[in-house]
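First the structure, in the form of structure tokens, and then the observations on it.
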Amino acid sequence: MVITMKKIISIVGARPNIIKMAPIHNKITSTSKFDHFIIHTGQHYDYKMSEIFFKEFNLPTPNHNLNVGSGTANHQIGQMLQKLEKVLLNLNPDLVLVYGDTNSTVAGAIAANKCNYKIGHVESGLRSFDRTMPEEINRILTDHLSDLLFSPTKTALKNLKRESVSGQVFNTGDLSVEILNESLKIGSSVLNEYRLSPKSYILMTIHRAENTNSFDNLKSILNIIKNLDSAHKIIFPIHPRTENLLKKNGLMNSILSCKNVKIIPPLGYSDFITLIKNASKVITDSGGIQKEAYLLKTPCITLRTNTEWIETLEDEWNVLTGINYELVLKELKKPKSPLKRKSIFGSGTTSIQIIKLISNYLLDVG
Ligand code: UD1
Ligand code: UDP
């Protein structure tokens, strides 16, 4: 009897997509029930934004790289749709998996839907309720196109039910619990490399469109950094978007002149989470980093006015300040958050649960 393996395709493109795919790839390939193909849209292309994570998580080279690169959202998504259609029709998958909320996520979902393929959305149901954020629209569109929706939190599940999405919804917990656990075992020499002692520095990242797209917002960020410089050591692994925009707007030299601010290139995952774990505080506008700071028990100041990771705000482990220096300073002066945290992101079995649900769906077995 010839058993045909079911074919699953993962579509990734940006740094967080690749990180989220890692445990799913490992579980898919360890079942021997499925063939797994990876399509990289090429949204992120610098070594430190993409390939470094394939190496670190032992992921195979993508079967296809669409090399779409940077551009406006319409250009990026349009290119992705055109190129994805050809590759998807050629591979003829049983299920297409997309991850998170980037342009690669939504393009993957639209392309798969238009080719009549089933779609699974990993990290579905998150909402910031801010429709000016590109990520919010990507989430909503992807969720409403998906057949299997794996939500990381109870709130996300509720959001999906309230919106009456047509696919099947499941609360599987969040992948970051197991990704963090595995990566912490690997260890990192990043503290030595940058001569940092635990809890002696603030870790900062900024890249969101809403914070970096206007000169005024970039100036406000510069104001925060300059004001913190006198009293705090800041480690700032800089996203290429932010670096390019600071340079283009003539603001980079001002930051480089700050004595206590160390700008470093983007880091690999183990190094980066080691920096989160050992920071006194994290200042960020990232989605994933708010959650990782919570899991690693480092208080987080989020330079946004809303968050899709609403549970992290409980007990003030995470606070929303926008890009307002006075509010940031007020938070930095507060004593450490209370010690207890709830395990709101599940117990670290998310990838197992997701693969089981996919197996049930595709193979109709337990
Ligand atoms: C994207 C996601 C965002 C996610 C982030 C993760 C969307 C709409 N946004 O934002 O949700 O938080 O990834 O990091 O999908 N660039 C490089 N090299 C690279 C990649 C980007 O120089 O390898 C520069 C280019 O100037 C580019 C800019 O960064 O124009 C923005 O890149 P893009 O992929 O469009 O969005 P991100 O800001 O990375
Ligand atoms: N990250 C990393 N190196 C860095 C910065 C971030 O490995 O220098 C990881 C981070 O731990 C998180 C992921 O990249 O898991 C996504 O973070 P990013 O802020 O790029 O995207 P977001 O979560 O906001 O979409």
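The values are calculated or read from the model by the stated rules, or taken from the named source; none is laboratory data. Owing to the predicted nature of the structure, the values given are computational and were not obtained by experimental measurement. Backbone-built Cβ (ideal geometry, glycine too); neighbour counts: all protein chains shown. We work out accessible area using only protein heavy atoms, side chains counted, and drop any ligands, DNA or RNA first. Shrake-Rupley method; radii C 1.70, N 1.55, O 1.52, S 1.80 Å.
Worth pointing out:
- So PRO299, is it under 23 Å from SER188 (Cβ atoms) and within 13 Å of ligand 1 (Cβ to nearest atom): no
- Single residue of ARG195, ARG162 found to be open to solvent by 20 Å² or more (accessible area, probe 1.4 Å), free of Cβ contacts under 8 Å to residues at least 24 places away in the same chain and under 24 Å from SER343 (Cα atoms): ARG162
- Matching residues, the range 272-288, being within 16 Å of ligand 1 (Cβ to nearest atom) and open to solvent by 20 Å² or more (accessible area, probe 1.4 Å): PHE272, GLY288
- When the criteria are applied in full, GLU326 meets the requirement of being among the acidic types (Asp, Glu) and over 30 Å from LYS27 (Cα atoms).
- Residue in the range 332-339 that is under 23 Å from the mean Cα position of the chain (by Cα) and either closer than 21 Å to ASP130 by Cα or open to solvent by less than 60 Å² (accessible area, probe 1.4 Å) (or both) present: no
- Looking across the range 244-269 at every residue that is assigned to a helix (DSSP H, G or I) and buried (at least 18 other Cβ atoms within 10 Å of the Cβ), the one that is farthest from ligand 1 (Cβ to nearest atom) is identified as ILE255.
- Annotation note: Cβ proximity below 6 Å between a residue of the range 40-64 that is farther than 20 Å from LYS27 by Cα and a residue that is surrounded by 18 or more Cβ atoms within 10 Å (Cβ to Cβ) and of a type in the set (D, E, K, R) (sequence gap 6+ or interchain) occurs for HIS44/ARG15; MET49/ARG15.
- Of all the listed residues (SER176, SER188, SER146, SER128), the sole one being within 30 Å of ASN227 (Cα to Cα) and either open to solvent by less than 40 Å² (accessible area, probe 1.4 Å) or modelled with pLDDT of 95 or more (or both) is SER128.
- Among (1) in contact with a Gly (Cβ under 7 Å, 6 or more places away or on another chain); (2) under 24 Å from PRO152 (Cβ atoms); (3) within 16 Å of ligand 1 (Cβ to nearest atom), the one test that LEU95 misses: (3)
- Note on the range 208-221: residues that are part of a helix (DSSP H, G or I) and surrounded by fewer than 18 Cβ atoms within 10 Å (Cβ to Cβ) total 5.
- Any hit, the range 292-304, residues being in a helix (DSSP H, G or I), aromatic (Phe, Trp, Tyr) and within 16 Å of the chain's Cα centre (by Cα): yes
- Members of the range 225-243 that are in a helix (DSSP H, G or I) and under 23 Å from TYR45 (Cβ atoms): PRO240, ARG241, THR242, GLU243
- Any strands (runs of 3 or more DSSP E) falling wholly within the range 1-101 and containing at least 1 residues that are open to solvent by 50 Å² or more (accessible area, probe 1.4 Å) and touching a helix residue (DSSP H, G or I) at 6+ places or on another chain (Cβ under 9 Å): 6-12, 34-40
- Every pair of residues 6+ apart whose Cβ atoms lie under 7 Å, when the first sits in the range 270-285 and is more than 12 Å from ligand 2 (Cβ to nearest atom) and of a type outside the set (Ser, Thr, Tyr) while the second is open to solvent by 20 Å² or more (accessible area, probe 1.4 Å) and assigned to a helix (DSSP H, G or I): ASN278/LEU191; LYS281/LEU332
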